[in-house]
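Okay, structure first, notes after.
No lab work stands behind these numbers, since they all come straight from the coordinates. It should be emphasised that the depicted structure is a prediction, and the values quoted were computed from it without experimental measurement. Here Cβ is always computed from backbone atoms with ideal geometry, including for glycine, and neighbour counts include all displayed protein chains.
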Amino acid sequence: MRLDAENLKLNEEVPAVGLNRKRLQHVLAKVTRSERFGSYRNELSTLDDPEIISEYVKDVIEARGGEVAARKRAEIIAHAFLDLTKEQQHTFFELLKNEFGVDQLAVETAIQNFELTSEEATSQLRTALEPRREQLFRRFVGVDAGLDFLVTLRADLLEHKDPQFSALDSELKSLLNQCFDVGLLTLHQITWDSPAALLEKLIEYEAVHAIQSWDDLRKRLGEDRRLYAFQHPALPNDLLIFVEVALIQGLAHSIDDLLDPATEILDNEKSDTAIFYSISNCQPGLSGVRLGDFLIKRVVSLLASEIPSLKNFATLSPIPGFVKWLTSAIEDNDVPIFTREQQLSLDGVQEALRNPDWYQSEELRQELEPVLSQLCFYYLTSVKTGDRISDPVANFHLSNGARVEQIQFLANTRADGLAQSLGMMVNYRYVLDYIEDNHDAYVHEGHVEISKTLLELQ
């Protein structure tokens, strides 16, 4: 394995994800120019032997030469990691897994002591059970751009999709949960007057409905829109997660209408509904770190106080797993059929799955609206993985305390919407007085709260 600490050129085999790797390299490179660590730098720049990198990791973990020296060495290792190929990354992760896990001898000794003593032995056992590599991860937190690096490190780890690294991922995720606790984050409204660098990142990070142009972005930041983002003080020039909001009257029935630049701008005083139509996680390395639920609740509270006319808070959400589930159900002859008419409509459903232009047929639209709406209702309320709804967006909003409010037929006729859900979308509604009750019922009992209006249509 080769770790190159001096070459600032980004390896083409390692794609940039989330945070800017070149910027990280620039920040972390300065320590490699230190006279005190010159020899260390030179050895690391020609490193080919995993045994040698193992010694460097030990230096960091055991703080040889003191805490300051350990952090500088952590910087050098972090900088060197950014130039690794995928194969070299894998070797590095394997080394951390195999050589820097839990010290079994220390655990056995602590267990023996635990039987003889009490509180001191408890502390000893707790320390022994901690994988040694966690000390390396904590050292990274304390260096320049270290938090950036940890997010990038986990993103790279996740890209390998290797089950043997699940413990490493769990440890990194736990540390990042602490570092990105909601109490440490700041909520910012992004406007057209925000720095251009942040506006460019919005275009880059938008993961639900791609921003087509600067004019499109200007529309999403207009007077009848709001865009809020979480940021971290250690990453002032980057975004963690953001939500886009439209201020309208009544529920949104179509994303095409919301994003249409010709849509009339509504006076905020006439708006009674805030529609959350896009939530984008900006950092792959923060996957699974709960930010979105806090963001939604913060924004709901902020909008309720800012615009008194707002009475309803709802989403217009994609259903990313619907077509995949429906295709599988048809193949397995396991489609939930409720009426003879729906049975007769299966041919139309299959045609829609084959032909992306099916919605342009008035006859097919009329035939499929009731059956697709009912199938979609079943999927969102009954198809589960364990005790949770299988659709990831549904699970997010339901666990966040929302209810299934309304299903919208052909609400997204863009290519991605047709491919994911045959154009179907759904409104999840956040009723302020019931958010906590809905959350508890879903998380603890698996209960899906559904609006009376939607139930009456079934």
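A few points about this structure:
- For a label point 7 Å along the Cα-to-beta-carbon line of GLU204, residues of the stretch 227-266 with backbone N under 14 Å: 236-241
- Point-to-point label distance, GLU351-ILE450, nm (Cα→Cβ direction, 7 Å offset): 2.9 nm
- Antiparallel content of DSSP bridges confined to the stretch 183-315, in %, to 5: 85 percent
- Evaluated at q = 0.09, 0.13, 0.16 Å⁻¹: base-10 log I(q)/I(0), Debye formula over Cα of the stretch 183-315: -0.24, -0.52, -0.80
- Distance between modelled label sites at ALA419 and GLU269, nm, 7 Å Cα→Cβ extension: 4.5 nm
- With a Förster radius of 45 Å applied to the beta-carbon distance between GLU62 and ARG218, the computed FRET efficiency rounds to 0.25.
- Applying 0.36 nm per residue to the separation of VAL443 and GLU306 and subtracting their alpha-carbon distance, the gain on full extension is 46.3 nm.
- In this label model, GLU51 and ASP162 are separated by 2.1 nm, measuring between points 7 Å along each Cα→Cβ vector.
- The simple Förster model, with R0 at 45 Å and r as the Cβ-Cβ distance, assigns GLU94 and LEU432 a FRET efficiency of 0.35.
- Three-way shape call for the stretch 268-332 based on the alpha-carbon gyration tensor, with the a/c threshold at 1.5: oblate
- Sequence-separation-based contact order of the stretch 399-458, relative, with Cα cut under 8 Å and 6+ spacing, percent: 44 percent
- Contact order for the stretch 322-457, expressed relative to its length and based on alpha carbon pairs under 8 Å spaced 6+ residues apart, stands at 23 percent.
- When you count the other C-beta atoms within 10 angstrom of each residue and take the mean per peptide, 258-264, 411-417, 370-376 line up highest first as 370-376, 411-417, 258-264.
- Two-decimal log10 I(q)/I(0) for the stretch 322-457, as the Debye equation yields it once each C-alpha is a single scatterer, q = 0.15, 0.16, 0.19, 0.22 Å⁻¹: -0.74, -0.83, -1.11, -1.36
- For LYS452, net neighbour charge (Lys/Arg +1, Asp/Glu -1) across residues whose Cβ lies under 13 Å away: -1
- Relative contact order, percent, the stretch 250-389 [alpha-carbon distance under 8 Å, six or more residues apart]: 21 percent
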